[in-house]
Amino acid sequence: MSRLDKIKFFKKLMDDPELNQLYQRLKERKLNPEIMELEDALIRWAGFLHHHSLEYALQKGMKVGKNPKVEPLVIFMGFEWIEIGDDFIASSFSTIRAVSKPIKIGNKVSLGPGVAIIGANHGIEPNSPHQLQPQISAEIEIGDDVWIGAGAIVLPGVKIGSGTIIGAQSLVSKDLPENTICAGIPAQVVRKR
């Protein structure tokens, strides 16, 4: 193709409104570093969300029962260590993070918005920065028919009995018995259910 043919071809392409709009956007992006940085950040954020979504976790072999209902912006990490039962519900901004020990979630478990189920902590030895210490992982077991309220945090090594309700903003740092309503920091039994 000669140079003149290339120019004619390009001119013909530029007459296409969609291609012209795309060309203008790319030109603006090149001239405006703030737009370029914002677009790049949005692309990276979208990639992060995808690589921690339920759909991606299922592709990677995470075990999930029938009929899960997971809202957008729920993060799963450590897929191979997470096992979830039937009729699971997770509201937006919740996180389930396993490191090297299982997190087992029973049937009919509901997570309110912003719940964090964290399967590991950093070490706390005094002679080494915490960031350099290995993570200490412990199993978490959540029974059937458990409702965990908005913003609650479940720490490593706890068992939550079936039928338990955990109040919003509670910190679960020790085992909780079945069929109880628990709340507080640390979460304690308020009454039987």
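Applying 0.36 nm per residue to the separation of H130 and E80 and subtracting their alpha-carbon distance, the gain on full extension is 15.5 nm.
Separation of region 143-165 from region 49-122 is 13 Å, based on Cα centroids. Descending by average beta-carbon neighbour count within 10 Å, the peptides 92-98, 120-126 line up as 92-98, 120-126, the highest first.
Throw me the Rg/Rh for region 57-192, computed over C-alpha atoms with Kirkwood Rh, two decimals. Walk me through the intermediate numbers first.
Numbers: Rg = 14.6 Å, Rh = 14.9 Å.
For region 57-192, the value is 0.98.
A simple spin-label model places the labels of E18 and F48 3.2 nm from each other, with each point 7 Å out along Cα-to-Cβ.
Set the Förster distance to 25 Å, then compute FRET efficiency between K63 and E141 from the Cβ-Cβ distance, nearest 0.05. Display every interim value, and only then the final one.
On the way: r = 14 Å, r/R0 = 0.57.
That gives a FRET efficiency of 0.95.
Per residue, the Cα convex hull of region 94-142 amounts to 76 Å³.
Only the coordinates and a few stated rules stand behind these numbers; no lab work does. Keep in mind that this is a model prediction, so the values were computed, not measured. Positions of Cβ are backbone-derived with ideal geometry, glycine not excepted, and every protein chain shown enters the neighbour counts.
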